[in-house]
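Novice: Take this structure, written in structure tokens, and hold onto it; I'll ask about it next.
No value in this document is a laboratory result; all are computed from the given coordinates. What you see is a predicted model, and the numbers here were worked out from it, not measured in a lab. Note: ideal-geometry Cβ built from the backbone for every residue, glycine included; neighbour counts use all protein chains shown.
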Amino acid sequence: MELTVNSVSRTVRSAPLTSLLTVLREELDITSPKAGCESGGCGACTVLVDGQPRRSCLTALCTLDGSEVVTVEGLGTPEDLSRVQQAFIHHYAAQCGFCSDGMVVAATAYINGGGSDDAGAIREALAGHFCRCTGYVKILEAVAAAARGDELDTGTTASSANNTYVKISEGGQT
Amino acid sequence: MTSTVGAAAVSMPSSEAEAVAAVTEQPYATVLAGGTLLVPQHTLGQVAVERAVWLGRAEIDGISRSNGRMTVGAAAPLAACAGLDAPVGPCSANIGDNEVKAQATIGGNICSPAPYGDLRGPLLALGAILRWADPGGAHTGDVADFVAAGGARPGVLLLDMAFEVPEAGSFVALRRHHTQSLTALAVSAVRHTGGTVTIAATGAAPDACRLRTAETVLADGGSIADAAAASVSDADPYDDALASAAYRRRVLPVYVGRALEQLGA
């Protein structure tokens, strides 16, 4: 079966009912989609399939012949991060990071689809993505900032409380 | 018994007729539609699949309305049904999050018992007629007939469901905190052309059920409060991880009342 994964054509040999999550992690060694609940409940395995966010743990390989799959590895590079990735850094929207890949992918799909910085719309777009660390506030702020087109400096951290900025290099806390 | 499988053969029919033939020929095939239930079960080794048929190209995902009758193909995704009138639309919108709704199908939901099977309630209230095929041929019947015939299993293919568009419909569901997306209890009510009201619930009994006593109370001129109180006699509350039987018994009349108020009964 032929798949395009992060702009690279790949021939995969897993069994037809194998989940896309398993194919990505076990056969293609792409580990940003996380094996969380493996039943579609947590969102940590979300990837883009033909531009749409999909739970890779729910998606059988046989349904994807010829599809284009994008994971976080295909959104940006360490030297050239995507806008959503920059926003997650600037707004400190991750703690343990387990949910971040799915969140970034879902947020990317939301913004690519014309999503605004409306808090309710962002919550709806990210519904089903669970984070057990951050309390979601900074994630929502990051997505809103990316949607607005805010200037994003990955060397500084935005404050939720008063929207001031603190240089990470100075070790400051807000 | 739990068993794991290796590589199951998967066929991909391109029409309803091909899909029926592929599912019902021996060895009987397991149906793969959205995959939101089958794929995780397969991953975890909870289901054995010798042969599967994927419905993604079978063209049984259409939604049409003609002469006051709505027909919904079994492979229609829940997201496509979420905009339909109550009770089917709001019930579809209530299932899962956006990513799940885009992938899960209306047929897959109907084929799955509690705590899934959310749409069985709305379809019972609507008096919807399901159309399915098995090795014995083509069949039609309501949700209860489909379940009584054995429901979803290898060799059975649910094709579509059709119902008269009602004068009005309503759907209310017990909401839970965000970590629990399954619905513990929901009530659907429908006012048909001519004024007859039918009511059905999921989560009030081990499977979706009509609340016929409550319907009779309403038809005899009783109030919404009377009908809501009577609904408990139609229920068979049960304990599970989502709610206790006592809680279900307590909240059912509340939700029947809300559904009837929303309906304007």
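Novice: Between segment A:14-63 and segment A:77-151, what's the alpha-carbon centroid distance in Å?
Specialist: 20
Novice: Work out from phi, with θ = phi - 60° and the Karplus expression 6.51 cos²θ - 1.76 cosθ + 1.60, the ³J(HN,Hα) of each residue of segment B:193-200, listed in order in whole Hz, and give x for Gly and Pro.
Specialist: Along segment B:193-200, the couplings run 4, x, x, 4, 10, 10, 9, 9 Hz.
Novice: Averaging the inverse of every distinct alpha carbon separation and then flipping it gives the Kirkwood radius. What is it for chain B, in angstrom units? Walk me through the numbers on the way to the answer.
Specialist: Working: mean 1/r = 0.0530 Å⁻¹.
Final number for the Kirkwood radius of chain B is 18.9 Å.
Novice: What does the charge count around B:C81 come to, taking other residues whose C-beta lies under 13 Å from its C-beta (Lys +1, Arg +1, Asp -1, Glu -1)? Could the numbers behind the result be given before it?
Specialist: Numbers: positive: B:R65, B:K101; negative: B:D61, B:D85, B:D118, B:D160.
Computed value for this residue: -2.
Novice: Per DSSP H run of at least 4 residues, take -39500 (n - 2.57); add these up for chain A, divide by its residues and hand me the 222 nm value, nearest 500 deg cm²/dmol. Intermediate values should be presented prior to the final figure.
Specialist: Details: 4 runs with 41 residues, N = 174.
My calculation for chain A gives -7000 deg cm²/dmol from helical runs alone.
Novice: Cα convex hull of the protein assembly as shown: how many Å³ per residue?
Specialist: Convex hull volume per residue, Cα atoms: 160 Å³.
Novice: Out of residues 5 or more away from B:L159 or on other chains, whose amide H comes under 5 Å of its own, with H placed 1.01 Å from N in the peptide plane?
Specialist: Amide H neighbours of B:L159, under 5 Å, 5+ apart: B:R131, B:W132, B:A133.
Novice: Under a point-charge model restricted to the Cβ atoms of Lys and Arg (+1) and Asp and Glu (-1), what is the dipole moment magnitude of the protein assembly as shown relative to its Cα centre, in debye to the nearest 20?
Specialist: Details: 29 positive and 45 negative charges, 150 e Å.
The dipole of the protein assembly as shown has a size of about 720 debye.
Novice: Give the angle, between 0 and 90 degrees and rounded to the nearest 10, that separates the Cα long axis of helix A:100-112 from the longest principal axis of the Cα atoms of chain A.
Specialist: 90
Novice: Continuing with this model, one more query. Just the Cα atoms of chain A, one point each, no solvent: what log10 I(q)/I(0) does Debye give at q = 0.14 Å⁻¹?
Specialist: -0.72
Novice: Taking Cα centroids, how far is segment B:151-206 from segment B:46-95 in Å?
Specialist: 14
Novice: Here is a further query. Using amide H atoms built 1.01 Å from N in the peptide plane, name the residues 5+ places from B:I63, or on other chains, whose amide H lies under 5 Å from its own.
Specialist: B:G73
Novice: Another question, then. Could you give the nm distance between label points at B:R175 and B:A225, where each point is 7 Å from its Cα heading toward the beta carbon?
Specialist: Each label point is offset 7 Å from its Cα along the Cβ direction, giving 2.6 nm.
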